[in-house]
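K.L.:
One structure follows; several queries about it will come next.
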Amino acid sequence: MDHLLEQFQRADEVAAASGCTVEELDWLRRRRLILAVVEDGTLYVYKGDAKWLAALRREHPEVVSEVMAGEWVPMAIVAQRLDLTFRQVYRMVEAGDLPVRRLGNHVVLRRSHFERLRAL
């Protein structure tokens, strides 16, 4: 596990660099927007996602606020809640059926659109 942890950074360090709290980072982890692990009670964030989050906060702070407020739903959650495969969801994206936004390497759907899909 030690060699894997070389690819991760302690959440408190990521929080200081990104302007997020450790609780917000854990929330993002649970929503599958960042890759993170908990080892011995300590949260570690993948270094690539830590850089992405810091850049996103610097370049688009309003989007980070919306993400933290739950306005954007990651594709993994969309697929899971709609009982679809990842591939089916991405086909909908590629066909233009889902109005998504790219946040770095992440593709997310606005919560209001997601709720409309769930109602169908």
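The values are calculated or read from the model by the stated rules, or taken from the named source; none is laboratory data. Everything numeric in this text was worked out from a predicted model, so none of it was measured. Ideal geometry is used to build each Cβ from the backbone, glycine not excepted, and the neighbour counts take in all protein chains shown.
K.L.:
Show me the strands (runs of 3 or more DSSP E) found entirely inside segment 24-120 where at least 3 residues are under 25 Å from VAL14 (Cβ atoms) and among the aromatic types (Phe, Trp, Tyr).
P.N.:
none
K.L.:
Next up: Let me spell it out: the conditions are (1) more than 23 Å from GLN7 (Cα to Cα); (2) modelled with pLDDT under 90; (3) not in a helix (DSSP H, G or I), and CYS20 meets all of them except one. Which number is the exception?
P.N.:
(1)
K.L.:
Here's something else I'd like to know. Determine, yes or no, whether VAL64 is under 17 Å from GLY19 (Cα atoms) and either in contact with a Leu (Cβ under 6 Å, 6 or more places away or on another chain) or modelled with pLDDT of 90 or more (or both).
P.N.:
yes
K.L.:
What number of residues within segment 11-45 satisfy the criterion of being buried (at least 16 other Cβ atoms within 10 Å of the Cβ), of a type outside the set (A, V, I, L, M) and more than 21 Å from GLU62 (Cα to Cα)?
P.N.:
Of the residues in that region, 1 qualify.
K.L.:
State which residue pairs qualify: first residue hydroxyl-bearing (Ser, Thr, Tyr) and inside segment 10-38, second residue at pLDDT 90 or above in any location, beta carbons under 6 Å apart, and separation of 6 or more residues or different chains.
P.N.:
Taking only residues 6 or more apart or on different chains, the pairs are THR21/ALA15.
K.L.:
On to the next question. With (1) on the phi > 0 side of the Ramachandran plot; (2) buried (at least 18 other Cβ atoms within 10 Å of the Cβ) as the list, and GLY70 as the residue in question, which single condition is left unmet?
P.N.:
(2)
K.L.:
Which one is nearest to the chain's Cα centre (by Cα) among residues in segment 90-103 that are farther than 22 Å from GLU66 by Cα and surrounded by 15 or more Cβ atoms within 10 Å (Cβ to Cβ)?
P.N.:
Applying the filter and picking the extreme gives TYR90.
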